[in-house]
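Have a look at the structure below before the remarks.
The values are calculated or read from the model by the stated rules, or taken from the named source; none is laboratory data. In this text, all values refer to a predicted model and were calculated from it rather than measured experimentally. Every residue, glycine among them, receives a Cβ derived from its backbone with ideal geometry; neighbour counts consider all protein chains shown.
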Amino acid sequence: MDGHTLAIGGVGAIREVRHPVSVARAMLDETPILLVGEGARQFATHIGAEPADAGSIPSPGGCDTVGCIARDQAGHVAAAGSTGGLEGKMVGRVGDTPLPGCGLYADDRAGATALSGEGESIARGMLAAHILFALPGNGALAAAQMAITRLERTGGEAGAIVLDSDGGFGIAHNSAQFSVAVAADWLDAPRAGTHADDLREWYT
Ligand code: GLY
């Protein structure tokens, strides 16, 4: 999602593409915001997306999500996510990851967020939307924490990374671990950890 234009693109239930997030990026220029299954596959072929080789197709247990948010020097923000879904998922299931206001959102006027975790719980709580609405006046950390607190109503484990429009960031999760990394021009080197506390000194 492009926070400057609010363009958003996604693909779901797509196989045999090496980098589905690149197909989603190409969808930014299209009118539909989400293609799934055969339509997603046809679009990937249309743009010449790199096919996955046999070794890169995730195993049934390989269902992790990777989310990314960024802010450039002009203050424009963006968000992206890629996931294998949840282990044991129903055929055709699409979770929160490509859904605006659920697994991600970006708006230059507020900030950006990406979430990882149990997609049905994230979607039922519209966690990305709640984060974006909470950002002005609360800041990135409080907005992330408020969203994760919503999981008390639905159950489920999730984590959120959040950027505000000034570049401040926050992390919150209710899972035991949440792997996260940050790079910024004000950091001498990228930092990474497996819990929000590992990076606590770097955000407000
Ligand atoms: N958060 C990934 C999924 O539930 O599909």
Point to revise | Condition check for residue 96: surrounded by 24 or more Cβ atoms within 10 Å (Cβ to Cβ) and within 16 Å of the ligand (Cβ to nearest atom) | key: yes
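Does the stretch 83-93 hold any residues that are more than 9 Å from the ligand (Cβ to nearest atom) and in contact with a Gly (Cβ under 8 Å, 6 or more places away or on another chain), and which are they?
Residues satisfying the conditions are 87, 92.
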Revision key, fill the gap. Given (1) crowded, with 17+ Cβ neighbours inside 10 Å; (2) at positive phi, residue 155 misses just (1)
Check your understanding: Among the candidates 181, 172, which residue alone is under 20 Å from residue 72 (Cβ atoms), modelled with pLDDT of 95 or more and not in a helix (DSSP H, G or I)?
Key -> 181
**Study point:** Any chance residue 81 is surrounded by fewer than 21 Cβ atoms within 10 Å (Cβ to Cβ) and not in a helix (DSSP H, G or I)
**Key:** no
**Study point:** Only listed residue being within 16 Å of the ligand (Cβ to nearest atom), part of a loop (DSSP other than H, G, I, E, B), modelled with pLDDT of 95 or more and farther than 16 Å from residue 14 by Cβ, chosen from 68, 102
**Key:** 102
Check your understanding: Do we have any residue at all in the stretch 131-141 that's among the aromatic types (Phe, Trp, Tyr) and either in contact (Cβ under 8 Å) with a residue 60 or more places away in the chain or crowded, with 24+ Cβ neighbours inside 10 Å (or both)?
Key -> no
Review point. Would the stretch 41-60 turn up any residue that is modelled with pLDDT of 95 or more, crowded, with 22+ Cβ neighbours inside 10 Å and more than 14 Å from residue 24 (Cβ to Cβ)?
Key: no
Exercise for review: Restricting attention to the stretch 169-204, report how many residues are closer than 22 Å to residue 96 by Cβ and in contact (Cβ under 8 Å) with a residue 24 or more places away in the chain.
Suggested key: 9
Practice item. Can you work out which of the residues in the stretch 158-168 that are buried (at least 20 other Cβ atoms within 10 Å of the Cβ) and free of Cβ contacts under 8 Å to residues at least 60 places away in the same chain is nearest to residue 78 (Cα to Cα)? Key: 164
